[in-house]
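First the structure, in the form of structure tokens, and then the observations on it.
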Amino acid sequence: RIQLQGASDFVTPHFRDFMTVDTAVEFPEVSHILIDPSCSGSGLVAGYAMGVSPELGHDNDRHNNNTLSEHDTNMTSTIHDVAKLAAEQVALILHAMTLPQAKVIAYSTCSVHRTENEDVVQAVLARANEGDDQRNYQWTLVQAVPEWPHRGLDLPEFVDIADKVCRADFAQDGTNGFFVARFEKVETTTNKSKRKVSDSISKKQKKRKKKDKKAETLSVNDNDELSRKQKRKRKEQMATEDADDSSARALKAEKGPDSNDEKLKMSKQEKKRLKKEKKKGKRSHTDDSSKSYGTAKKKAKIKNNGVRRDSNDIDVKETSSPAMKTKSKRHENETAEERRARKASKKKKRQP
């Protein structure tokens, strides 16, 4: 049927018992619900075709008999069966009200029994708003199908709801017998007042924020202007300083070199000269020392008459005893060969 009606794109059938659904988990975003539950079907036209015209809403023999009279239904249902159906209908509506985002619940039957219609509505309203006083909403009955002329049963117990529900039957409207009621979730007055207060506070806060933003923009603009003025002043100062420097240079060029500048130049030149002299002095000192060392060597050679002395030989200057002086004088004019021969003879004498 869904495919034939072209509704398969937006209608998804779930073949399961709605009472087993965890409404908070499985359908957290559903807001509008239509409940068309199983009912006695007492308003179907088939009953009228059989010549039975049920009397609207009256269960005349409810307490005298265990079956409904022929004026109540066109089916062979018992009072117990209809009461059981009504209990299931109430449970379905209350379970649908547990959907987190539920806003509107439409309830409809094809029954003409008050047990499944007005009585169900009253039972739901009595139980829907029980319990939690901290809730910020409540379920109310609003007018269903306002343009429909026929309303609920005109009985004293239904004064509060008769104008809000609608009914139809074959005799008056030439249609199947049906019943429609509409429940809506409405915020409580306390919550509305809280919301109004919060809205007023939020409006004040928004106004304050706007004022603060305006003040910030003004301060930013002022700061920008100040920074621009400062930049201009800085540029002017730089320009004046440059002009002063150029004028001072021009004056110096006209007057000639300053005495202080000459002194500084002279001091620099003197420093350079002193450094050069120090370097020259060091070089001359090293040259003199090397020269003196060379002259001493030459003198020693001249003294020894060109004879090379060994390290074992004793210098005449270092000795101070007279015996050594006489020996040195004795062998003063020896040649190298004579000296070697003398040493060899000394060694032979020492041998045993």
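Can you confirm whether region 138-149 contains a residue that is surrounded by fewer than 12 Cβ atoms within 10 Å (Cβ to Cβ), more than 56 Å from the chain's Cα centre (by Cα), on the phi < 0 side of the Ramachandran plot and at pLDDT below 95? Yes, region 138-149 contains at least one residue that is surrounded by fewer than 12 Cβ atoms within 10 Å (Cβ to Cβ), more than 56 Å from the chain's Cα centre (by Cα), on the phi < 0 side of the Ramachandran plot and at pLDDT below 95. Filtering region 150-161 to residues that are surrounded by 14 or more Cβ atoms within 10 Å (Cβ to Cβ) and in contact (Cβ under 8 Å) with a residue 24 or more places away in the chain leaves GLY152, LEU153, PHE158, ILE161.
The conditions are (1) open to solvent by less than 100 Å² (accessible area, probe 1.4 Å); (2) within 24 Å of PHE179 (Cα to Cα); (3) out of contact with any His (no Cβ under 7 Å at 6 or more places or on another chain), and SER40 fails exactly one of them. Which is it? Result: SER40 passes all but (3). Of all residues in region 87-99, those being open to solvent by 60 Å² or more (accessible area, probe 1.4 Å) and under 12 Å from THR23 (Cα atoms) number 1. Hey, could you check region 105-122 for residues that are among the hydrophobic types (A, V, I, L, M, F, W, C) and over 51 Å from the mean Cα position of the chain (by Cα) and say which is surrounded by the fewest Cβ atoms within 10 Å (Cβ to Cβ)? Out of the qualifying residues, it is CYS110. Look at region 230-243: where a residue is charged (D, E, K, R), no partner that is open to solvent by 90 Å² or more (accessible area, probe 1.4 Å) sits 6+ places away or on another chain with Cβ atoms under 7 Å.
Working only within region 4-20, note down all residues that are open to solvent by less than 100 Å² (accessible area, probe 1.4 Å), within 42 Å of the chain's Cα centre (by Cα) and closer than 20 Å to SER108 by Cβ. Residues satisfying the conditions are VAL11, PRO13, PHE18, MET19. Among the residues making up region 123-137, a single one is surrounded by 11 or more Cβ atoms within 10 Å (Cβ to Cβ) and without any contact (Cβ under 8 Å) to a residue 12 or more places away in the chain: ASN129.
The values are calculated or read from the model by the stated rules, or taken from the named source; none is laboratory data. Just so it is clear, the model here is predicted, and its values are computed rather than measured. Please note: Cβ atoms are built from the backbone with ideal geometry, for glycine as well, and neighbour counts cover all protein chains shown. These accessible areas exclude ligands, DNA and RNA; they are computed on the full protein's heavy atoms, side chains included. Shrake-Rupley method; radii C 1.70, N 1.55, O 1.52, S 1.80 Å.
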